1. May I ask you to list the residues in segment 184-204 that are in contact with a helix residue (DSSP H, G or I) (Cβ under 6 Å, 6 or more places away or on another chain) and assigned to a loop (DSSP other than H, G, I, E, B)?
2. Being surrounded by fewer than 16 Cβ atoms within 10 Å (Cβ to Cβ) and either assigned to a helix (DSSP H, G or I) or basic (K, R) (or both), is that true of even one residue in segment 97-115?
3. Just name the residue that is surrounded by the most Cβ atoms within 10 Å (Cβ to Cβ) out of those in segment 19-51 that are within 26 Å of L159 (Cα to Cα) and small (G, A, S).
4. Tell me whether segment 5-27 contains one or more residues that are β-branched (V, I, T), at pLDDT below 95, over 11 Å from the mean Cα position of the chain (by Cα) and within 21 Å of A125 (Cα to Cα).
5. Failed condition for F34, given (1) over 15 Å from S142 (Cβ atoms); (2) in contact (Cβ under 8 Å) with a residue 60 or more places away in the chain; (3) of a type outside the set (D, E); (4) touching a strand residue (DSSP E or B) at 6+ places or on another chain (Cβ under 9 Å), with all others met?
6. Could you list, ordered by first residue, the pairs with Cβ atoms under 7 Å in which the first is in segment 59-76 and of a type in the set (K, R) and the second is in a helix (DSSP H, G or I), at least 6 apart or interchain?
7. Kindly provide the set of residues from segment 146-183 that are in contact with a Ser or Thr (Cβ under 9 Å, 6 or more places away or on another chain), part of a helix (DSSP H, G or I) and either surrounded by fewer than 17 Cβ atoms within 10 Å (Cβ to Cβ) or free of Cβ contacts under 8 Å to residues at least 60 places away in the same chain (or both), ordered by number.
8. Spot the failing condition for D85; the list is (1) within 16 Å of the chain's Cα centre (by Cα); (2) in a helix (DSSP H, G or I); (3) touching a residue at least 12 places away in the same chain (Cβ under 8 Å), and only one is missed.
Amino acid sequence: MASVLPGVSLNNSEPEVIAGTDEAGRGPLAGDVFAAAVVLDPDRPIAGLNDSKKLSEKRREQLFEQIQEYAAGWAICSASVAEIDQLNILHASMLAMHRAVDALTIHFDKVLVDGNRLPQWSYRAQAIVGGDALVEEIAAASILAKVSRDREMQRLHHLYPQYGLDRHKGYPTKLHLAQLAEHGPAPIHRTSFGPVKRLLNNKA
């Protein structure tokens with residue numbers, strides 16, 4: 001059954017194998033949106049799982065390695081900037097989660113999804129608001145997705161150092177907005193997002 005964090009009950013009495021999924025990167029102006037899916041191994045518990053946003057970068061990195069080593073199954077996928085601009089960020093996030101769950105190579109009975117919506121799929125599933133702080137499978141997925149996306153932004157920083165991606169990870173900080181105004185958008189920027197779209201319209 002789902003590995004529930006202390007003090008939380010999902011009222012799930014059946015011994016089901018649970019996959020948890022979560023995404024990272026809905027808010028940034030640049031880069032892909034990432035998602036992960038995780039099935040934990042009850043015989044190899046991982047201490048300290050929590051919502052990735054509540055963990056330090058160092059702790060996320062440590063747990064990232066532990067999850068990949070100890071989980072029964074895991075997968076990390078993404079939806080591209082082009083897909084985000086074509087579908088919108090909500091549907092692109094759902095697509096990334098769909099891909100991550102599809103990529104699992106281990107049996108599971110049900111998927112628990114962070115948030116209040118489910119991707120359009122045939123899996124038995126339940127959406128849980130705040131699930132990344134309530135259910136260990138979702139927490140583990142949030143860590144894999146967050147660390148993977150942060151690493152991708154570090155890689156993109158070396159290609160586009162003028163934007164300071166290593167500092168803000170693509171989010172609309174004052175620094176990022178100032179650099180966007182100075183240098184204009186790059187191919188990694190989401191043209192459907194307001195600040196980027198306005199810059200492009202002003203140049204048209």
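The values are calculated or read from the model by the stated rules, or taken from the named source; none is laboratory data. All values derive from a computational prediction rather than experimental measurement. For neighbour counting, all protein chains shown are included, and Cβ atoms are generated from backbone atoms with ideal geometry for every residue, glycine included.
1. P185, I188, R190, T191, S192
2. Checked segment 97-115: at least one residue is surrounded by fewer than 16 Cβ atoms within 10 Å (Cβ to Cβ) and either assigned to a helix (DSSP H, G or I) or basic (K, R) (or both).
3. Restricting to residues being within 26 Å of L159 (Cα to Cα) and small (G, A, S), the top hit is A35.
4. yes
5. Of the numbered conditions (1) over 15 Å from S142 (Cβ atoms); (2) in contact (Cβ under 8 Å) with a residue 60 or more places away in the chain; (3) of a type outside the set (D, E); (4) touching a strand residue (DSSP E or B) at 6+ places or on another chain (Cβ under 9 Å), the odd one out for F34 is (1).
6. Final answer for the pair search is R60/S52; R60/I143; R60/K146; R60/V147.
7. Residue satisfying the conditions is R167 alone.
8. (1)
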